Amino acid sequence: RGYVHCSLVTARLLALRWPGLAPQLRPLEVGVSHRLEVGCVPGDGAADPGDRDSAAQPRAMALEVTLLDANHCPGSTMFVF
């Protein structure tokens with residue numbers, strides 16, 4: 001259904017244990033900010049008031065996340081949004 005965002009080490013471990021999960025894995029580099037598109041939200045009505053359809057158009061929603069090493073076990077990270 002969706003993606004699994006994780007560290008590169010975690011992605012490798014998951015792919016070894018569950019090979020069918022590999023297409024859904026999205027490894028992210030630790031210590032770097034990443035912009036993730038997480039879906040769409042309904043239009044905010046800020047479009048042209050005369051155009052009824054444009055106000056209802058969905059727009060992409062994104063989050064910015066940085067992975068920090070959790071120093072717990074291999075691949076463990078904290079997600080800071």
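The values are calculated or read from the model by the stated rules, or taken from the named source; none is laboratory data. As the structure is a prediction and not an experimental result, all values here were calculated from the model. Please note: Cβ atoms are built from the backbone with ideal geometry, for glycine as well, and neighbour counts cover all protein chains shown. We work out accessible area using only protein heavy atoms, side chains counted, and drop any ligands, DNA or RNA first. Shrake-Rupley method; radii C 1.70, N 1.55, O 1.52, S 1.80 Å.
Among the aliphatic types (A, V, I, L, M) and at pLDDT below 95: is that true of Val9 in this structure? No, not satisfied.
Every residue, every condition in (1) in contact with an Asp or Glu (Cβ under 6 Å, 6 or more places away or on another chain); (2) modelled with pLDDT of 95 or more; (3) not in a loop (DSSP other than H, G, I, E, B), yes or no:
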site: Leu36; (1), (2), (3): no, no, yes
site: Gly43; (1), (2), (3): no, no, no
site: Asp48; (1), (2), (3): no, no, no
site: Gln57; (1), (2), (3): no, no, no
site: Leu63; (1), (2), (3): no, no, yes
site: Thr66; (1), (2), (3): no, yes, yes
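Under the condition of being open to solvent by 50 Å² or more (accessible area, probe 1.4 Å) and either in contact with a Lys or Arg (Cβ under 9 Å, 6 or more places away or on another chain) or farther than 25 Å from Val80 by Cβ (or both), the residues counted in region 5-21 number 6.
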